[in-house]
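The structure under discussion appears below in the form of structure tokens.
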Amino acid sequence: MTGRWIRPFAAMLTLVVGLFGCLAANADVRDIRVWQSPESTRLVLDLTEATEHKIFPLTSPNRVVIDLANAKMLANPDNVELADTAVSGLRTGHPDKHTLRIVLDLNETLKVSSFPLAPNDVYKDYRLVVDLKRPDTAQSVSPVKQAVTEISKARDIIIAIDAGHGGEDPGASGPKRTKEKNVVLAIAKQLEQRLKQEPGYTPFMVRTGDYYIGLRERTEKARAANADFLVSIHADAFKHPSAHGSSVYVLSDRGATSETARWLADNENNADLIGGISLDDKDDHLRMTLLDLSMTYQRNSSKRIGGDILKYLGKISYLHKRQVEEAAFVVLKAPDMPALLVETGFISNPEEERKLNTVAYQKQMAGSIFDGIKDYFTDHPPGGTLIEARRSTPAPALWRSYVIRSGDTLSEIAVRNGIGISELRRFNDLDDDQIRIGQTIKIPNS
Ligand SMILES: [Zn+2]
């Protein structure tokens with residue numbers, strides 16, 4: 001009796017499940033983007049619906065297989081930009097009628113991980129993020145040139161430059177669709193150039209292209225490069241287009257000091273969610289302990305550098321905040337390194353969006369940050385650096401006098417003595433290349 005009832009019930013259940021299977025909305029793949037960083041590759045699929053997925057690697061040859069339930073491919077695989085990425089090919093197929101299979105051909109064996117993301121303000125679609133990493137790249141950091149000079153065998157001051165956002169995380173955007181990630185990278189590159197020209201300094205770029213890096217990973221990279229200072233470059237956005245001006249933030253350990261700062265802190269910290277990287281907090285306890293030990297010293301240093309930068313920013317731009325602000329930005333949580341976040345203007349303000357897009361303004365902005373950094377480190381050079389050696393070595397040992405003769409030019413004198421013209425200018429406190437006959441200048445001994 002019971003048996004006679006179970007069978008039709010089971011049949012009915014199968015039918016119901018089958019119906020649901022048919023009724024379930026398709027998780028169509030609308031677009032695929034690939035972001036390549038020096039260490040890893042991130043593949044992002046835009047989906048019309050959330051769906052189950054399976055992902056597994058295959059070897060000989062190296063491949064990664066992504067199976068999506070109830071999915072169809074709307075994007076054209078041929079249009080996915082794979083040049084200069086770790087993925088050499090992308091194919092699709094249907095192992096059964098409810099499954100979309102995407103096969104990635106790889107040039108080498110890579111570790112694969114994945115996670116789904118829900119829609120947000122920036123991305124209206126569901127997303128599936130697939131990360132491909134070399135098995136041994138966790139600690140790899142490009143080596144930083146440690147310039148050693150004959151004068152003192154002293155090292156350079158290393159300035160880590162962090163261009164905010166990148167890749168899948170565009171940051172704020174302007175009324176003309178300027179993306180924060182692009183303008184801040186341009187400013188960061190200008191600052192890198194400026195620092196490269198300055199004796200005693202070596203820049204380290206945390207992000208070099210259009211890809212995302214986790215916030216904690218950014219400070220880790222700066223620390224691994226032995227940076228003496230980290231500056232994170234951003235551009236603001238606000239719901240009112242009238243908001244404008246630049247501002248400088250240091251980490252607050254008691255939370256944000258104003259409503260705006262708090263709003264901003266949340267916004268910037270959410271980048272880890274927007275960018276879609278999983279937060280790895282397992283050594284947070286160690287970080288917190290270190291943080292308590294040296295945070296006070298680092299915060300005071302950061303505030304001083306921030307004050308110096310504001311002084312120069314005030315000459316080229318309106319200051320949104322005249323004081324160094326404090327906020328709980330994760331990227332500033334570097335216990336052993338002073339760190340600042342510079343908001344270079346409001347990209348949501350039409351006039352500032354226009355300016356931020358010009359090379360001239362990007363250079364001015366980078367120049368102000370550079371001048372502030374230099375002012376601070378000239379007065380407070382870290383131990384063992386060339387800048388410190390220059391301060392503490394008696395002046396006569398460092399230079400000799402030269403009297404300008406007819407026909408001399410500053411650039412020719414620089415070449416003749418084997419030094420850079422900017423170094424010669426700086427050494428003599430000259431604002432430009434103007435010299436006059438009979439003038440005595442100092443030539444650094446090398
Ligand atoms: Zn930002």
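No value in this document is a laboratory result; all are computed from the given coordinates. Worth saying up front: this structure is predicted, and the values here are computed from it rather than measured. Cβ: placed from backbone, ideal geometry, glycine included. Neighbour counts: every protein chain shown.
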Fewest Cβ neighbours within 10 Å first, please rank Thr178, Thr92 accordingly.
-> Thr92, Thr178
Principal axis box of segment 395-444, alpha-carbon based, largest edge first, Å | 28, 20, 19
Subtract the Cα-Cα distance of Tyr318 and Thr109 from 0.36 nm times their separation in residues, and report this length gain in nm to one decimal.
-> 70.1 nm
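Determine, from the Cβ-Cβ distance of Gln439 and Arg391 and an R0 of 35 Å, the FRET efficiency 1/(1 + (r/R0)^6), rounded to the nearest 0.05. Don't skip to the end; give the middle numbers.
Numbers: r = 25 Å, r/R0 = 0.72.
That pair, Gln439 with Arg391, gives E of 0.90.
Mind checking the full-extension length gain between Arg354 and Thr378? Use 0.36 nm per residue of separation minus the Cα-Cα distance, one decimal, nm.
Details: separation 24, 0.36 × 24 = 8.64 nm, distance 3.39 nm.
That works out to 5.3 nm of additional length.
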Going fewest to most other Cβ atoms within 10 Å around each Cβ, Thr409, Thr219 line up as Thr409, Thr219
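Checking the a/c ratio against 1.5 first, then a/b against b/c, what shape does the Cα gyration tensor give for segment 358-446? Intermediate values should be presented prior to the final figure.
Working: a/c = 2.53, a/b = 1.20, b/c = 2.10.
Verdict is oblate for segment 358-446.
Contour minus end-to-end for Ser88 and Asp431, with contour as 0.36 nm per residue of separation and end-to-end as the Cα-Cα distance? Don't skip to the answer; put the middle values down first.
Values: separation 343, 0.36 × 343 = 123.48 nm, distance 5.19 nm.
Gain in length upon complete extension: 118.3 nm.
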Can you sort Ser242, Ser302 so the residue with the fewest Cβ neighbours within 10 Å comes first?
-> Ser242, Ser302
Set Lys189/Lys363; Lys181/Lys321; Lys221/Lys333 screened for pairs whose C-alpha atoms are more than 19 Å apart | Lys181/Lys321
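Tell me, what is the FRET efficiency for Asp31 and His240 to the nearest 0.05, using R0 = 41 angstrom and their Cβ-Cβ distance as r?
Values: r = 32 Å, r/R0 = 0.78.
Using R0 = 41 Å, I get an efficiency of 0.80.
I'd like the FRET efficiency for Ala224 and Gln193, computed as 1/(1 + (r/R0)^6) with the beta carbon distance as r and R0 of 30 Å, rounded to 0.05.
Details: r = 23 Å, r/R0 = 0.76.
Step by step, r from the Cβ atoms, then E = 0.85.
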Rough spin-label spacing in nm, given labels placed 7 Å along Cα→Cβ, for Val122 and Arg134 = 2.7 nm
In nm, give the distance between the simple-model label positions of Glu81 and His98, each being 7 Å from the Cα along the Cα-to-Cβ direction.
-> 3.7 nm
In whole Å, largest first, the alpha carbons of segment 167-256 cover along the principal axes 42, 33, 26
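So what are segment 81-123's ellipsoid semi-axes, whole angstrom, largest first, if each one is the square root of 5 times an eigenvalue of the alpha-carbon gyration tensor? Walk me through the intermediate numbers first.
On the way: eigenvalues 92, 74, 27 Å².
That gives 21, 19, 12 Å for the three semi-axes.
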Cross-link reach from Lys72 to lysines, straight Cα distance under 16 Å and at least 8 residues apart if same chain, gives Lys54, Lys97
What is the log10 of I(q)/I(0) for segment 19-124, computed with the Debye formula using one identical point scatterer on each Cα and no solvent, at q = 0.15, 0.17, 0.19 Å⁻¹?
-> -0.65, -0.83, -1.03
